[in-house]
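To start, the structure itself, in structure tokens.
The values are calculated or read from the model by the stated rules, or taken from the named source; none is laboratory data. This structure is a prediction, so every number in the text was calculated from the model and none was measured. Using ideal geometry, Cβ is built from the backbone for each residue, glycine included, and neighbour counts are taken over all protein chains shown. Please note that ligands, DNA and RNA were not included when accessible areas were found on the heavy atoms of the full protein model with its side chains. Shrake-Rupley method; radii C 1.70, N 1.55, O 1.52, S 1.80 Å.
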Amino acid sequence: MERFFRIVTARPKLVVLLFLLVSIVCGIMYGFVGVNYDLTDYLPPDSPSTVAIDVMENEYAGGIPNARVMVRDVTLPQALEYKEKIAAVDGVTDIMWLDDSADVLQPLETLDQSLVGDYYKDGAALFNVTIEEKKIPDAVAEIRSIIGDDNAITGTAGSTAAATRDTVSEVSVIAVCTVIFVIFILIMTTGSWAEPFIILLGFGAAIIINMGTNIMFGTISFVSNAAAPTLQIAVSLDYSVFLIHRFEACRKEKGDVREAMITALCKSTSSILSSGLTTVIGFLALCLMKFRIGPDMGFVLAKGIAISLISVFVLLPNIILLTYKLMDKTAHRPFVPSFNGFAKLVTKIMLPLAVVFAVLIIPSYLASNSNSYYYGASHIFGKGTEYGRDTEAVEEVFGRSDTYVLMVPKGDNVTMKSLSDKLQELPQVSSVLSYVDTVGVEIPEQYLDEETLSKLVSENYSRLVLNLDTEYESEETFRLIEEIRRIAADHYEEYHLAGQGVSTYDLMETVTDDMLKVNLIAIAAVFLVLLLSMKSVTLPIILVLSIETAIWVNMSFPYFMDTTIFYISYLIVSSIQLGATVDYAILFTDRYLELRKEHNKKDTVRLMLSSCIVSLIASSSVMIVVGFLMGYISTHGLLAQLGLFIGRGTLCSLIIVLFVLPGLLYLFDGLIGRTTRHSDFLKER
């Protein structure tokens, strides 16, 4: 490695210039990276609802209604005018209202009242609108301008538009707050006023390069786009701080600045690489999920950490070599107090806390696996948001509702009529729009106008549009979907069912299958890296168990608080917390092994705490603050919950590493010495 570092530091100005040029190019490329806000787009391509949507897009011009638009205080003629205006909006591919199922020129009293109630009630008209996915934000904004702020838009299109509009501004606020806090932490924990900004230059380049190179994926999820930059800073901050501290120590021993940097890099490589590798593996474990938001986030985050490592080993050393004189001129006294007293306190209470830790393991594990979950996007925006208020307003007048599309092979109208009758017997089905329900079994297709026919019959399929009095997601909804599929299977060998609730059902089945696989592979991979890097059998078990318990404690909070959580955030945060915070345990343990060669185990614990706590708090506090900022600023429920879990999870890991891990190392010192290669522990008197 020394030869590599000599090459890297030979021409500092050239290296910095190359990184600057790459950063500029990647900054331009980032503007062309698409962001997807629809969770159901990440279902496996072979899931039944995804196949159904693909079939429908190939067979029909209009897709599944993804917006419910309510206009208050309108007459039937006025409602028809609104329908024409909404249909003319760029991006609207289909719109359904009462006039598609009944003759609205007749008195309403003569029509099927349950059908009328689905579309017109108490002077309010409700339109089921299908909006082209890529045009949702602009189309929803235009529809909002047509109907006015006093009326309401709900459904997945409304949710996506709200996420697109609000998330960008909220992420910008979170990023600014994160940078300010990082500068504050670095000023407190480094020895120069210039060091924080030098570190941020390295970070800035790494983040821009990571976000720009996402163009290779074409489109990334809103979760990756929102979380990746701040998580990249929080997770890899300690690499830069650790290198600078090593460099300052080596400068005291060597007169030549470049030689001091090369020595610092050689001494830092093992610790930084092992920490970085466990983090990358934790993120890459997400790539094994069938639910494709896992690979999306896993690749983006793992790539970000890999680029940060390159920046720390290549860019940052050269920036330091160019600016070390400025660092010397702006040196200041340490602002962080000595932690000797804290270290002594921990050594007194670490054994009782190790016992408490042992008692917590099983209850926290059981509680973390007993949570209630949301699987889809229907609960992402709370009642305090515009989307939440619109949803509440629509449901107050028209009740809960969802629209499913059931496609069956065309040609057998008698069987389709039997299917429709069976479906209408279900209590949640308020109406069915189909060829046989609209025109009857006997009337040939050629007697229908082309517009009506194209909505109901395609080249290969006839479709039934089901209006349902049900939530987008609930246990009742999932049972209903199973029943609809059973009824369809009784009538046809081939059928396709699509809808938001159906996609959510498939999403549930997909992510629950992913959970055990992702966790086990992440744990096994991190364990293997620790086994190889530490050359110890015992230490990987202690470290992984410590962080896994922190994860279980973190995820047990919702259970005891009786809070329903998003399963996706639960799945993602388990890998993030393991990959990101096992670094803290590695930092402590590496220092313990180093000091234990010269001191007895009690003094080693005290010295370990005194020497490592500043670096640990610097890194962990950024993760904690970033997480809680995302949790409390974001109105997007999934991002807010993910942030809250990251912040609280990092705090749990920090507490266990600070207060419990020292006791575990002390208790198992003898076993660690015997099962660790080249441990060379000082013998206890």
- prompt: How do 576-588, 263-275 rank on mean C-beta neighbours within 10 Å, highest first?
  reply: 576-588, 263-275
Cα-based shape type of region 38-128, given that a ≥ b ≥ c are square roots of the gyration tensor eigenvalues and the cut on a/c is 1.5: prolate
message: Let's test this: bin the Cα-Cα distances of region 528-572 at 5 Å from zero up to the farthest pair and state each bin's percent.
response: 5, 18, 20, 16, 12, 12, 9, 6, 1
field: Sites residue 358 and residue 17, calculated FRET efficiency, Cβ-Cβ separation with R0 60 Å, nearest 0.05
entry: 0.65
- line: Checked region 294-352 against the a/c 1.5 cut and the a/b vs b/c comparison, axes a ≥ b ≥ c from its Cα gyration tensor; verdict oblate
field: C-alpha center-to-center spacing [region 540-619, region 15-36] in angstrom
entry: 34 Å
query: Roughly how big is the chain's charge dipole about its Cα centre, with Cβ charges of +1 (Lys, Arg) and -1 (Asp, Glu), in debye to the nearest 20?
result: 6420 debye
statement: So residue 474 and residue 369, fully extended at 0.36 nm per residue minus their Cα-Cα distance, gain in nm 35.9 nm
field: Dipole moment magnitude, nearest 20 debye, region 217-339 about Cα centre, only Lys, Arg, Asp, Glu C-beta charged
entry: 80 debye
- line: Per the rule of 0.36 nm per residue minus the C-alpha distance, extending residue 134 to residue 149 adds in nm 3.1 nm
query: Just by accessible area at a 1.4 angstrom probe, what is the order of 373, 404 from largest to smallest?
result: 373, 404
- prompt: Which whole-percent values make up P(r) of region 450-553 when all C-alpha to C-alpha distances are grouped in 5 Å steps starting at zero?
  reply: 2, 9, 13, 13, 11, 9, 8, 7, 7, 7, 6, 4, 3, 1, 0
- line: Asserting the computed 222 nm helical MRE of the chain (DSSP H runs at least 4 long, -39500 (n - 2.57) per run, divided by residue count, to nearest 500) equals -22000 deg cm²/dmol
message: How far apart, in nanometres, would the label points at residue 257 and residue 531 be if each is projected 7 angstrom from Cα along the Cα-to-Cβ direction?
response: 4.6 nm
message: Order 193, 552, 97 by their accessible area, 1.4 angstrom probe, all chains in place, largest first.
response: 193, 552, 97
- line: Note to self: C-alpha centroids of region 454-492 and region 368-427 sit apart, in Å, by 10 Å
Spatially proximal lysines relative to residue 383 (Cα-Cα < 30 Å; intrachain offsets below 8 disregarded): 83, 85, 121, 134, 135
task: Give, in nm to one decimal, the length gained when the segment between residue 678 and residue 425 is fully stretched (0.36 nm per residue of separation minus the Cα-Cα distance).
output: 83.6 nm
- request: Can you give me the P(r) profile for region 483-530? Cα pairs, bins 5 angstrom wide beginning at 0, each as a whole percent.
  value: 5, 16, 15, 14, 13, 10, 8, 7, 6, 4, 2, 0
